[in-house]
Amino acid sequence: MPHITTDDGVKLHYQEVGTGIPIVFVHEFAGDSRSWEAQFRHFGRRYRCIAHNARGFPPSDVPEGVERYSQARARDDIRAMLDGLAIDNAHIVGLSMGGFAALHFGFTYPDRARSLVIGGCGYGAAPDQRQKFIEEAEAAAARFEEIGMAKAAEAYALGPTRVQFQNKDPRGWREFAGQLAGHSARGSALTMRGVQSRRPSLYDLTEEMKKITAPTLIITGDEDWACLEPAILMKRMISSAGLVVMPNCGHTINLEDPDAYNRHLDDFFSAVELGKWPLRDPRAMAATILGR
């Protein structure tokens with residue numbers, strides 16, 4: 001089973017398909033590398049597609065100790081994948097937890113990001129929701145440990161921004177929920193405590209966002225409520241960012257509406273490779289409504 005080893009000795013399982021310009025897909029908390037199957041089938045025809053299971057998500061290692069899990073570790077595990085596979089730079093595509101990791105990767109390792117796709121990024125970011133998010137993250141971690149993933153997954157997979165997926169594609173949703181049920185309860189709890197609840201708010205990262213110049217696509221569903229305002233924040237702060245809001249979609253956009261999601265990424269990658277993805281004209285940020 002293919003894996004690379006991080007600088008702190010954690011083995012990360014990955015899968016790979018295709019040749020050409022590399023795309024690294026970084027999964028959400030409720031997913032794993034299998035969540036990108038629809039993207040592997042589509043983009044693997046023309047790109048080198050790579051997806052890894054985050055630490056805590058078997059068959060990747062589940063290291064003990066919450067200090068082994070953090071936003072910085074998630075970010076650096078992307079770098080470890082690139083280093084381990086001898087890739088200089090790649091399109092970095094992340095969803096939710098993976099979207100946060102892609103954002104942090106973009107402003108920390110600008111030379112390694114050919115582009116960034118930041119999807120479903122925003123949970124726990126709103127300043128007035130910060131404490132509530134931390135409390136909910138701890139409650140979720142405790143539930144994973146107390147009742148196990150098989151029972152906890154059913155409720156988690158029916159959150160208010162995932163019922164859209166169930167309604168559109170019951171079979172696809174059932175597969176997603178079944179994969180979630182097979183995750184490590186211990187790894188999920190450690191990830192929830194170490195990565196999710198401790199990551200900095202997006203509203204505290206605006207200066208770092210301003211440093212990003214890599215072509216960036218921010219993409220979210222219009223019923224992914226916690227991610228809508230943060231998406232606009234990132235659009236404002238990142239001068240190379242475009243924003244896509246997918247209609248009638250929840251959180252799991254790459255699974256819920258894979259055809260539309262893939263088209264948006266196709267158009268984005270094509271513009272990037274042709275050198276046609278723009279930096280924003282500063283005049284677009286003038287503090288007037290009608291202009292002068």
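The values are calculated or read from the model by the stated rules, or taken from the named source; none is laboratory data. These numbers come from a predicted model, not from an experiment. Methodologically, a virtual Cβ is constructed for each residue, glycine included, from the backbone with ideal geometry; neighbour enumeration extends over all protein chains shown.
Odds and ends about this structure:
- Close Cβ contacts (under 7 Å, 6 or more residues apart or on different chains) running from residues in region 183-203 that are free of Cβ contacts under 8 Å to residues at least 12 places away in the same chain and among the charged types (D, E, K, R) to residues that are buried (at least 20 other Cβ atoms within 10 Å of the Cβ) and not in a helix (DSSP H, G or I) are absent.
- Every condition in (1) over 19 Å from Pro215 (Cα atoms); (2) more than 18 Å from the chain's Cα centre (by Cα); (3) crowded, with 16+ Cβ neighbours inside 10 Å holds for Thr252 except the one numbered (2).
- Contacts under 8 angstrom Cβ, first residue in region 63-81 being touching a residue at least 24 places away in the same chain (Cβ under 8 Å), partner surrounded by fewer than 20 Cβ atoms within 10 Å (Cβ to Cβ) and of a type in the set (S, T, N, Q), 6 or more apart: Arg75/Thr108; Ala80/Thr5
- Filtering region 73-86 for residues that are part of a loop (DSSP other than H, G, I, E, B) and at pLDDT 95 or above leaves a non-empty set.
- Hits in region 44-72 - residues which are assigned to a helix (DSSP H, G or I) and in contact with an Asp or Glu (Cβ under 8 Å, 6 or more places away or on another chain): Arg68
- Within region 14-73, being of a type in the set (A, V, I, L, M, F, W, C), buried (at least 21 other Cβ atoms within 10 Å of the Cβ) and touching a strand residue (DSSP E or B) at 6+ places or on another chain (Cβ under 9 Å) holds for Ile23, Val24, Phe25, Val26, Trp36, Phe40, Phe43, Cys49, Ile50, Ala51, Ala54, Phe57.
- Scan of region 27-56 for residues that are over 18 Å from Ile253 (Cα atoms) and either of a type in the set (Lys, Arg) or free of Cβ contacts under 8 Å to residues at least 24 places away in the same chain (or both), ordered by number: Arg45, Arg46, Arg48, Arg55
- Scan of region 242-292 for residues that are charged (D, E, K, R), in a helix (DSSP H, G or I) and within 30 Å of Phe176 (Cα to Cα), ordered by number: Glu256, Asp259, Arg263, Asp266, Asp267
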